[in-house]
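Below is one structure, written out as structure tokens; the observations come after it.
The values are calculated or read from the model by the stated rules, or taken from the named source; none is laboratory data. Predicted model, so just to flag it, every value in this text is computed and none were measured. Cβ: placed from backbone, ideal geometry, glycine included. Neighbour counts: every protein chain shown.
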Amino acid sequence: MTLTGRAPRTVAPGTGRRGGLAEASTKARWRRPAGGGDTRTALLMLAPALVIIGVFVVYPIVGTGYLSLTSWDGFSADKAWVGLANYRHLLGDEAFRNSLGVTVAYGAGVCVLGVVTGLGLAVLLNGTFRGRGAYRAVFFLPVVTSSIAAATLWRYVFADTGIVNAVLTGLHLPAPNWLGDPHLALVSLTLMTVWKNLGLNIVLYLTALQTLPATLYEAAALDGAGRWAQLRRLTVPLLAPMTFFVVVEGLITSFQSFDLVYALTGGGPLGGTETLGFLTYREAFKLSHFGYGASVAYAAFALVLGITVVQWRLGGRERWAL
Amino acid sequence: MTATPTQPGATARRRPARLLPRQLLLLVLSAVTVAPFAWMVTTSLKSFADVYKAPYLVPNAFHGSNYVHAWQAAPFAHYYLNSLIMTAGILAGHLVIDTLAAYAFARLRFPLRNTLFLVLVATMLVPQFVTILPAYDLVIRLGWYDSYAALIVPRLADVFGIVVLRAYMASIPKDLDDAARLDGAGPWRILTLVTVPLCRPALATVAMFSILYSWNDFLWPLLVTSDDSRRTIQLGLSAFTGKYGTYPHYLMAGTVTAAVPTVVLFLFLQRAFIRGVASTGLKD
């Protein structure tokens, strides 16, 4: 990456074989047929993808909006139109406000901790030394583990009789009820999510770190900057574009996070970990409020979009250069 | 790999004094990261009486019977099979359909090409729960509830794969395409004979992400299946937790069962995996 943080123009290097075939390009080229021929081929090639994505992704996105204006229960034949009633209800709904708070706190926690741990560990892992690959693999293990397996596991790790409390007690520290207290449960969920995504963030930051020019650091050291100053003044700012990427990933992950919530706490206790995604599920599939659930989903969607746009304006522009 | 930021003059030499605190820190942090897994495996091999007793992280008994019992208590073999079928189906779909679409975006010219691509990319920002309600309704009305079709068809194509493949294809020089065209090849033959063979790294990346995603998927299968004959391993594990919550040793045996395939796959394909993830961090 250059000083402006702009990523290199190419992605994973193509093989670009040279040799005999290169000569062909200098000979007279056969012009490809004008626009029309390409269009038909393109249509054929795109058809399967467009059909699948159109039917099962794009249509539902619009469909949810439509559903949010009805009071459908999920199985009746007709969907009664109620206009904006669901949204009006949202504004006064205690459960929605709780869920909003939970989701924002969860998202913030996951993003901040994700950046700190990802960047920190990437800096530690940056360099050549023995066992580096092994460490990287270890940190990546939680990423490839299924959310259900991971959350099931952590339910026991965080239990009163689990190893976390066993260690704390051994160190004569208080051993709280990690999953029994509504606020603490959200902390537990956040910690577990950060653990789960650790390897991902590390690899992303490592990739970015490796494009930073060493000459900058040499110059800084010559000017008397110690390692800590180098980290704060050079590394962190230079990695800003990747931080933006990691934050957006963290937001999307935490907003989507259904599996982890379901298996760790089931949304509880007392709604302490009920993220907007979980509320949508509960309203639609447990309480048969498909219409209302759809409005919750759309509200959450608006939130994600809003935050992403704000992020983008605050400095992600360079990285995305759309 | 470009030079890494270190103290001047220390680029190649190892400096043991500097390295030690770093190694120590990494050791501690990786031990903490791995501890839950160690607990999981250890517990899955204990007898019930020892579950809440030390040692916690290192197995001192090897009750393989826990696994046998777990596999008898719930149809884990069925669950495995269903997960395999679903994963294979989705993988095949992604590799074929995403490649076709990516080629069209990368190499063909047609009206609204860039707009269409942007629209697809935009859908990646949409959280899953925004699409599940109408998708669920549609699947029910198609009569696909409790079927492989419900598990596979809606996910036969995905935008992520298209983005990765398109980016990679765009970086392949067009000279080869032109040479093939001189030999009379049309876009389909160029795609299959020239482009695809060159896309192996990108295809590998897409394959890994697809397998990972499908095997670990939970919400959608939860919504569209209810019968054990179609349940996937993640659903099976979740249901198992309900019944065997108070028997951690059996439950952990089940959890290990659910987690093992992707972990093993990862351990064998580490470099490729991590390279794949890294490549998504580099935007074109």
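Scanning region A:196-251 for residues that are acidic (Asp, Glu) and either surrounded by fewer than 16 Cβ atoms within 10 Å (Cβ to Cβ) or not in a helix (DSSP H, G or I) (or both) yields a total of 1.
Looking only at residues in region B:176-193 that are touching a residue at least 12 places away in the same chain (Cβ under 8 Å) and within 30 Å of the chain's Cα centre (by Cα), the one that is surrounded by the most Cβ atoms within 10 Å (Cβ to Cβ) is B:Leu191.
For the structure I just gave you, tell me whether B:Ala204 is more than 20 Å from A:Ile148 (Cβ to Cβ), surrounded by fewer than 21 Cβ atoms within 10 Å (Cβ to Cβ), within 11 Å of another protein chain (Cβ to nearest Cβ) and not aromatic (Phe, Trp, Tyr). Spelling it out, B:Ala204 is indeed more than 20 Å from A:Ile148 (Cβ to Cβ), surrounded by fewer than 21 Cβ atoms within 10 Å (Cβ to Cβ), within 11 Å of another protein chain (Cβ to nearest Cβ) and not aromatic (Phe, Trp, Tyr).
Can we say B:Val96 is within 19 Å of the chain's Cα centre (by Cα), closer than 26 Å to A:Ser76 by Cα, at pLDDT 95 or above and not basic (Lys, Arg)? No; evaluated as a whole, the condition is false for this residue.
Selection of helices (runs of 4 or more DSSP H) fully inside region A:79-173 by the criterion of at least 1 residues being farther than 30 Å from B:Thr257 by Cα and at the interface with chain B (Cβ under 9 Å from one of its Cβ atoms) returns A:94-125.
Taken as a whole, the condition of being crowded, with 20+ Cβ neighbours inside 10 Å, facing chain A (nearest Cβ under 8 Å) and either within 25 Å of the chain's Cα centre (by Cα) or at pLDDT 95 or above (or both) does not apply to B:Phe76.
Scanning region B:200-243 for residues that are modelled with pLDDT of 90 or more and basic (Lys, Arg) gives B:Arg200, B:Arg230, B:Arg231.
Which of the residues spanning region A:249-265 are out of contact with any Gly (no Cβ under 9 Å at 6 or more places or on another chain) and modelled with pLDDT under 90? Within region A:249-265, A:Ile252 is the sole residue that qualifies.
Checking each residue in region A:231-252 for being among the hydroxyl-bearing types (Ser, Thr, Tyr) and either in contact with a Cys (Cβ under 9 Å, 6 or more places away or on another chain) or at the interface with chain B (Cβ under 10 Å from one of its Cβ atoms) (or both) picks out only A:Thr235.
Taken together, B:Pro173, B:Pro197 contain a single residue that is part of a loop (DSSP other than H, G, I, E, B) and modelled with pLDDT of 90 or more, which is B:Pro173.
For region B:267-276, residues that are in contact with a helix residue (DSSP H, G or I) (Cβ under 7 Å, 6 or more places away or on another chain), touching a residue at least 12 places away in the same chain (Cβ under 8 Å) and at the interface with chain A (Cβ under 9 Å from one of its Cβ atoms) total 2. If the condition is being within 16 Å of the chain's Cα centre (by Cα), within 10 Å of chain B (Cβ to nearest Cβ) and closer than 17 Å to A:Val143 by Cα, then region A:256-279 contributes A:Gln256, A:Ser257, A:Phe258, A:Asp259, A:Leu260.
Number of residues in region A:60-78 that are in contact with a strand residue (DSSP E or B) (Cβ under 7 Å, 6 or more places away or on another chain) and at the interface with chain B (Cβ under 8 Å from one of its Cβ atoms): the value is 0. Tell me yes or no: at least one residue of region B:222-230 is of a type outside the set (Ser, Thr, Tyr), more than 30 Å from A:Arg132 (Cβ to Cβ) and surrounded by fewer than 17 Cβ atoms within 10 Å (Cβ to Cβ). Within region B:222-230 (the criterion being of a type outside the set (Ser, Thr, Tyr), more than 30 Å from A:Arg132 (Cβ to Cβ) and surrounded by fewer than 17 Cβ atoms within 10 Å (Cβ to Cβ)), the answer is yes, since at least one residue qualifies.
Of all residues in region B:151-170, exactly one satisfies the criterion of being of a type in the set (Gly, Ala, Ser) and in a loop (DSSP other than H, G, I, E, B), namely B:Ala157. Out of B:Leu95, B:Leu84, B:Leu100, B:Leu125, one residue alone is at the interface with chain A (Cβ under 7 Å from one of its Cβ atoms), surrounded by fewer than 18 Cβ atoms within 10 Å (Cβ to Cβ) and within 24 Å of B:Met208 (Cβ to Cβ). It is B:Leu125. Listed by position, the helices (runs of 4 or more DSSP H) contained in region B:35-150 that have at least 2 residues being in contact (Cβ under 8 Å) with a residue 40 or more places away in the chain and within 20 Å of B:Met169 (Cα to Cα) are B:76-93, B:99-107, B:113-123.
Within region A:270-291, the set of residues being out of contact with any Phe, Trp or Tyr (no Cβ under 9 Å at 6 or more places or on another chain) and at pLDDT 90 or above comprises A:Gly272, A:Glu274, A:Arg282, A:Lys286, A:Leu287.
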